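See structure below.
The values are calculated or read from the model by the stated rules, or taken from the named source; none is laboratory data. Fair warning: this is a prediction, and the values are worked out from it, not measured in the lab. FYI the Cβ positions are ideal-geometry reconstructions off the backbone, even for glycines, and counts take in every protein chain you see. In case anyone asks, the SASA skips ligands and DNA or RNA and just uses the protein heavy atoms, side chains included. Shrake-Rupley method; radii C 1.70, N 1.55, O 1.52, S 1.80 Å.
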Amino acid sequence: MTANAIEKVCAELGLPKGDAFTQDVIYELPEIYRTTLWLEKYADAYAKPGRSAVEKNLLMALMLDVANDLVAQADAESDRVVERVLDFLAAHRDQHEHLIDYWALTGEAPEDCFALTERIRRLQSVLKER
């Protein structure tokens, strides 16, 4: 991910972009930015016309990470937004194939997977049938 895309997305959404010691802004965002409300904001930003492929990859990685946290917390309020994210993932599967593979953890036992893995595997299965 390019620094320009990170700066643009962070500025647009009002997210902290970290400092020289921040390795990956996506995974280091404070909890305040990892809620259903913020996931909805990320989804709205993803859907914005004119978004570059790099920005979409950044936003999708962020959305999946936050969605995973919400699924792990069994946050029922987030289900609608999580499904919206998965719909984006399916619609742009060619662009995000690497993220689908990462989150699916193919071959791993369910107890060794992410909270979101089961949903990603179902999505992956549906996409293969098409």
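The three principal axes of the C-alpha atoms in the stretch 49-123 carry coordinate ranges of 38, 30, 17 Å, sorted with the longest axis first. The charge dipole of the chain, taken about the Cα centre with unit charges on the Cβ atoms of Lys, Arg (+1) and Asp, Glu (-1), comes to about 540 debye, rounded to the nearest 20. Of the residues K17, K128, K56, the one with the largest accessible area comes first in the ranking K128, K17, K56, computed with a 1.4 Å probe on protein heavy atoms. In this model, which of K56/K128; K17/K41; K41/K128; K8/K41 are farther than 18 Å apart at the alpha-carbon? Pairs exceeding the cut-off: K56/K128; K41/K128. Compare E55, E83, E40 in a GNM of the chain, Cα atoms joined below 10 Å, and give the one with the largest fluctuation. It is E83.
Note on E28/R122: beta-carbon distance plugged into 1/(1 + (r/R0)^6) with R0 of 30 Å gives a FRET efficiency of 0.55. Looking at the stretch 35-83, the pairs of alpha carbons with a distance over 11 Å make up 64% of the total. By the Cα gyration tensor, the chain has an equivalent ellipsoid whose semi-axes, rounded to whole angstrom, run 23, 17, 15 from largest to smallest. How much solvent-accessible surface does D79 expose, in Å² to the nearest 10, with a 1.4 Å probe and all protein chains in place? Rounded to the nearest 10, that gives 60 Å².
Per-residue 3J(HN,Hα) values for the stretch 72-83, derived from phi via the Karplus relation 6.51 cos²θ - 1.76 cosθ + 1.60 with θ = phi - 60°, read 4, 7, 6, 7, 4, 4, 7, 3, 4, 6, 4, 5 Hz in sequence order (x marks Gly and Pro). The calculated FRET efficiency for the pair D75 and E12, based on their C-beta separation and a Förster distance of 22 Å, comes to about 0.30. Rounded to the nearest whole Hz, the Karplus-based 3J(HN,Hα) values (6.51 cos²θ - 1.76 cosθ + 1.60, θ = phi - 60°) of the stretch 44-49 follow the sequence 4, 5, 4, 6, 4, x, with x at glycine and proline. Stretch E129-Y102 to full length: gain in nm at 0.36 nm per residue minus the Cα-Cα span? Between E129 and Y102, full extension yields 7.8 nm more. Simple rule: put +1 on each Lys or Arg Cβ and -1 on each Asp or Glu Cβ in the chain, find the dipole, and look at A53, Q124, V66; the Cα lying farthest toward the positive end is A53.
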